[in-house]
There are 2 protein chains.
Amino acid sequence: MPGFDPSTLRYDANGLIPCIAQEAATGEVLMMAWMSAEAVARTLETGRVTYWSRSRAAFWVKGESSGHVQELVELRVDCDRDCLLALVRQTGPACHTNRRSCFYTAVRDGQEVELMSPE
Amino acid sequence: MPGFDPSTLRYDANGLIPCIAQEAATGEVLMMAWMSAEAVARTLETGRVTYWSRSRAAFWVKGESSGHVQELVELRVDCDRDCLLALVRQTGPACHTNRRSCFYTAVRDGQEVELMSPE
């Protein structure tokens, strides 16, 4: 079987692919961010989940400044090769609001409900 | 608290927002697809997860033809309001390849490994 080649994934017009981060131990979905082919390669090489920051136009080693790192447990590719799922061990909160997950707002009975507070 | 308004989400240049579908009972991430504001509204109104098919340029009521429907348990919004997480009850396989999840390929030791077979 040939080795995995990040260039065989399908990237959007900006050369990016969405990556869902899921806590390996609990299954909680933590966040979604974007990777370039080089970010995919760096993630696999280093075991530290590395995104491409669209706002800063720079590599974003998750937790590099906050300490809230994501250690890669396993990278998965979807059927269309245009989305990634990273199983991770998250240190501290994943969200920049200091919440465990970015998905802390639920829509219930037509209202927005906050599910978790900053840690 | 004001009611939830799909138009307050942040859509990309094509008017779409990514939505991650997660099996509510197990936490398994099933797939990622795209929604327009109208698809978000229809999902909440009907309780049947409804995407926007980019290839067909049409609403895509998941399972409408295959029977592999996704019943909405809860819709969640992320911190930046540019990604959704749908907790669902999935009937049958979520993937068009008849696998339970679209994320059936893992990258292990630089090789692609298939984790599950068609049902």
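The values are calculated or read from the model by the stated rules, or taken from the named source; none is laboratory data. Quantities reported herein were computed from a predicted structural model and do not represent experimental measurements. No Cβ is skipped: glycine too gets one built from the backbone with ideal geometry, and neighbour counts run over all protein chains shown. Only protein heavy atoms, including side chains, enter the accessible area calculation; ligands, DNA and RNA are left aside. Shrake-Rupley method; radii C 1.70, N 1.55, O 1.52, S 1.80 Å.
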Worksheet item: Restricting attention to the range A:59-69, does a residue exist that is more than 9 Å from chain B (Cβ to nearest Cβ), under 17 Å from B:Ile20 (Cβ atoms) and within 16 Å of the chain's Cα centre (by Cα)?
Response: no
Worksheet, complete the sentence: Reported set for the range B:54-66 where residues are part of a strand (DSSP E or B) and surrounded by fewer than 15 Cβ atoms within 10 Å (Cβ to Cβ) is B:Ala58
Worksheet item: Residue check, B:Cys95 against (1) open to solvent by 50 Å² or more (accessible area, probe 1.4 Å); (2) touching a residue at least 40 places away in the same chain (Cβ under 8 Å); (3) more than 27 Å from A:Gly47 (Cα to Cα); (4) in a loop (DSSP other than H, G, I, E, B), all met but one. Which one?
Response: (1)
Worksheet, complete the sentence: Residue set B:Gln22, B:Gln111; condition buried (at least 23 other Cβ atoms within 10 Å of the Cβ) and at pLDDT 95 or above; output residue B:Gln22
Fill in: Complete set of residues in the range B:1-13 that are outside any helix (DSSP H, G or I) and more than 10 Å from chain A (Cβ to nearest Cβ)
B:Leu9, B:Arg10, B:Tyr11
Worksheet, complete the sentence: Every listed condition ((1) small (Gly, Ala, Ser); (2) in a loop (DSSP other than H, G, I, E, B); (3) facing another protein chain (nearest Cβ under 8 Å)) holds for B:Ala106 save (2)
Practice prompt. Look at the range B:67-91 and say how many of its residues are within 29 Å of A:Leu115 (Cβ to Cβ), open to solvent by 10 Å² or more (accessible area, probe 1.4 Å) and in contact (Cβ under 8 Å) with a residue 12 or more places away in the chain.
Written response: 13
Worksheet entry | In the range A:34-45, the residues that are open to solvent by 40 Å² or more (accessible area, probe 1.4 Å) and more than 14 Å from chain B (Cβ to nearest Cβ) | A:Glu38
Fill in: B:Ala86 vs. criteria within 13 Å of another protein chain (Cβ to nearest Cβ) and aliphatic (A, V, I, L, M)
yes
